[in-house]
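The values are calculated or read from the model by the stated rules, or taken from the named source; none is laboratory data. Keep in mind that what you see is a predicted model, and the values were worked out from it rather than measured. Here the Cβ positions follow ideal geometry from the backbone for every residue, glycine too, while neighbour counts run over all protein chains shown. Please note that ligands, DNA and RNA were not included when accessible areas were found on the heavy atoms of the full protein model with its side chains. Shrake-Rupley method; radii C 1.70, N 1.55, O 1.52, S 1.80 Å.
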Amino acid sequence: MTFALHGIPVSNGIAIGKAVLISRAALEVSHYLIEVGKEEAEAKKLLDAFEQVRLELAQLRQGLPKDAPQEMAAFLDVHGMILADPALAEKPLKLIRTQRLNAAWALTTELNDLLEQFAEIEDAYLKERANDIRQVAERVLKALNAQQKETLSDSDVLSPSDVGADAIIVAHDIAPHDMLRFKEHAFTGFVTDLGGKTSHTAIVARSMEIPAVVGVRHASEMIRHGDWLVIDGEHGVVVVAPDEQLLSEYRVLQEKAIQATSKLQELKHSRTTTVDHVAIELLANIELPEDATQAVDLGAIGVGLFRSEFLFMDRKQALPDEEQQYQEYRRVVDLMHGLPVNIRTIDVGADKALGSGSDLSETGTSPLGLRAIRWSLTEPEIFLTQLRAILRASAHGQARIMIPMLAHVKEIDETLRLIEKAKQQLHQRGQAFNPNIQVGAMIEIPAAALVLPLFINRFDFLSIGTNDLIQYTLAIDRADHAVAHLYDPFHPAILNLLFSIIDQAKRSNIPVAVCGEMAGDPSMTKLLLGLGLTDFSMHFSQLLLVKREILKADVGLLKSRIGAVLRAIEPEEQAAALEILLS
Ligand code: PEP
Ligand code: MG
């Protein structure tokens with residue numbers, strides 16, 4: 001039966017393909033389809049893992065010291081009983097045999113189902129049992145993972161041959177670095193239950209230039225593995241099991257979108273100036289060094305934001321050392337042939353967890369927690385290592401240092417002190433770097449925007465991170481679909497804040513860019529030009545769309561009309577002023 005689901009559109013285009021369901025916890029484990037004929041071997045792996053855990057629990061129970069608390073024995077008994085209940089293995093075994101899911105994926109799928117059933121139970125005692133089930137399942141997963149390490153290489157996980165190029169990933173949620181892993185695979189679209197328009201998962205999906213819809217709430221429950229899907233990434237619609245007529249209508253739309261994209265290529269080599277001859281700078285946001293090649297090809301005149309944390313977020317790898325980082329930064333600098341490259345220092349925390357299980361300070365999962373420069377300053381050795389790597393890359397081109405999420409004078413002082421220290425260390429080693437490397441600050445916390453002179457006096461350039469500036473000004477978690485409707489770039493507070501930052505920076509002759517998603521949204525281009533912005537940094541897939549708007553814009557006219565937009569507080573008044581601005 002055909003039905004449609006609605007979510008938040010994050011990446012344009014139409015995708016048509018078959019659903020590949022990734023279960024909620026499955027991203028913590030490997031997920032792949034096993035080869036036909038290997039179902040029984042996989043089922044045995046699961047049963048072996050159950051047996052291994054049974055023995056472990058029995059040993060623990062036997063080895064309990066006499067003075068161990070009584071609850072300990074009871075706890076192990078409960079776990080033993082859960083494990084012995086054939087129901088726990090029954091469904092995963094069925095999933096292995098009928099859908100060819102690997103054992104860990106099958107078990108996590110069943111675990112999620114059970115946890116959801118328990119969440120609905122009123123009885124507090126029974127509800128508590130959900131934790132026991134989770135702990136038992138996690139033990140089995142651990143045993144499976146240990147087996148798997150011996151038999152499976154990383155490249156086997158979700159290999160493109162397992163799921164064809166027409167696969168559409170459907171998941172409850174996908175962490176940004178997992179999303180990045182998918183970049184190597186030939187998928188055609190993404191649908192997730194959670195997420196907001198500027199969540200990092202959405203940003204990475206956009207960078208993959210494939211249609212994506214997030215915040216679809218119950219998509220992963222309502223869509224079945226193998227269902228045909230159409231994703232309309234522009235309108236946030238997911239059509240499940242489309243009939244022939246719908247499919248052919250979407251195929252026509254898909255073809256049109258492809259043609260429109262290829263027509264845009266004609267703009268690649270034209271200058272980026274407005275109708276009234278104002279030169280505008282278009283820079284690229286990148287997550288991986290190799291993205292720089294496409295950025296240059298599409299006419300970016302620099303990298304306005306290199307999200308360096310993506311080099312650090314792979315769970316399976318140790319953090320890259322100075323030499324590895326230097327090689328990566330240098331690669332971008334070389335690919336950009338002398339154009340500026342703003343290497344944003346590690347911005348982990350909130351929706352970008354740091355994967356390594358080492359003894360580093362835990363990043364916060366709250367957007368208000370230990371994140372970005374706050375985290376770097378708690379790990380000065382890691383920060384210094386990164387600074388030295390960037391400084392060394394600056395000997396080969398225009399590498400620049402960009403600091404995320406500064407708000408306090410103390411943080412600014414400490415950051416600048418560590419940059420000087422990194423320079424001294426390189427000097428002592430006799431290694432080359434640019435002693436006058438430019439250092440910029442991201443303005444993404446309202447407090448920073450409100451004391452801008454502090455930043456103007458101490459930094460060489462500013463870059464406004466509107467994704468976070470909106471999140472923190474409006475107190476809306478940017479990754480939370482439940483409040484996504486309140487995430488409003490047009491809020492008068494945001495527009496006035498942006499105007500004030502750009503105006504103050506321009507008056508002080510300090511370069512200022514916007515590198516949040518607003519800069520890459522062509523429907524915002526004229527508004528930003530009217531606010532006085534001349535430097536836009538965005539994902540390269542958006543460069544030509546934004547350029548097309550710039551070529552049609554008259555900055556003088558837009559500036560003469562922006563006052564009415566900024567003064568409008570009531571929605572109707574603002575809508576009328578915006579209509580005049582954009583007319
Ligand atoms: C921003 O906050 O606007 C920004 C560009 O940084 P990130 O999206 O990586 O937080
Ligand atoms: Mg930010």
| query | Ile343: crowded, with 21+ Cβ neighbours inside 10 Å, of a type in the set (Val, Ile, Thr), within 14 Å of ligand 1 (Cβ to nearest atom) and not in a strand (DSSP E or B), yes or no? | reply | no
| Failed item in (1) more than 28 Å from Val10 (Cβ to Cβ); (2) among the charged types (D, E, K, R); (3) at pLDDT 80 or above, with Asp166 passing the rest | (1)
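Please report, ordered by residue number, the strands (runs of 3 or more DSSP E) entirely within the stretch 200-292 with at least 3 residues that are under 29 Å from Gln99 (Cα atoms). Even if it seems obvious, please write down each step before you answer.
Details: elements: 212-214, 228-232, 237-240, 281-286.
In the stretch 200-292, the matching strands (runs of 3 or more DSSP E) lie at 212-214, 228-232, 237-240.
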| note | Among Val565, Val546, the single one that is buried (at least 18 other Cβ atoms within 10 Å of the Cβ), among the β-branched types (Val, Ile, Thr), modelled with pLDDT of 95 or more and more than 19 Å from Ser11 (Cα to Cα) is Val565
| What are the residue pairs meeting all of these: first residue in the stretch 464-487, first residue touching a residue at least 40 places away in the same chain (Cβ under 8 Å) and closer than 13 Å to Gly215 by Cα, second residue among the acidic types (Asp, Glu) and open to solvent by 10 Å² or more (accessible area, probe 1.4 Å), Cβ atoms under 6 Å, and 6 or more apart or on different chains? | Ala479/Asp351
| Do you know which of the residues in the stretch 117-145 that are modelled with pLDDT of 80 or more and small (Gly, Ala, Ser) is farthest from Ala89 (Cα to Cα)? | Ala143
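May I ask you to list the residues in the stretch 350-378 that are charged (D, E, K, R) and at pLDDT 95 or above? Talk me through it step by step, then tell me what you get.
Pass one, the stretch 350-378, residues charged (D, E, K, R): 351-352, 359, 362, 371, 374.
Selection gives Arg374 alone.
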| request: Would you please name the residue that is modelled with the lowest pLDDT, looking only at residues in the stretch 57-73 that are within 19 Å of Arg139 (Cα to Cα), open to solvent by 50 Å² or more (accessible area, probe 1.4 Å) and part of a helix (DSSP H, G or I)? | output: Met72
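Determine whether Leu377 is in a helix (DSSP H, G or I), within 24 Å of Ala448 (Cα to Cα) and away from ligand 2 (no atom under 16 Å from the Cβ). Explain how you work it out, then say what you get.
Values: in a helix (DSSP H, G or I): yes; within 24 Å of Ala448 (Cα to Cα): yes; away from ligand 2 (no atom under 16 Å from the Cβ): yes.
In short, yes.
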| request: For residues that are among the hydrophobic types (A, V, I, L, M, F, W, C) and not in a helix (DSSP H, G or I), scanning just the stretch 464-505, find the one that is farthest from Gly530 (Cα to Cα). | output: Ala479
| message | When you check Ala284 against the structure, is it crowded, with 19+ Cβ neighbours inside 10 Å and not assigned by TED's automatic domain parsing to the domain that holds Val214, yes or no? | response | yes
| Residue among Ile464, Ile443, Ile510, Ile476 that alone is open to solvent by less than 20 Å² (accessible area, probe 1.4 Å) and in contact with a Phe, Trp or Tyr (Cβ under 6 Å, 6 or more places away or on another chain) | Ile476
| note | Reported set for the stretch 293-340 where residues are open to solvent by 10 Å² or more (accessible area, probe 1.4 Å) and among the polar types (S, T, N, Q) is Thr293, Gln294, Gln317, Gln324, Gln327
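Quick grid of which residues meet (1) of a type outside the set (A, V, I, L, M); (2) part of a helix (DSSP H, G or I); (3) away from ligand 1 (no atom under 16 Å from the Cβ):
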| site | (1), (2), (3) |
| --- | --- |
| Thr365 | yes, no, no |
| Ile373 | no, yes, no |
| Phe383 | yes, yes, yes |
| Leu391 | no, yes, yes |
| Ala422 | no, yes, yes |
| Gln431 | yes, no, yes |
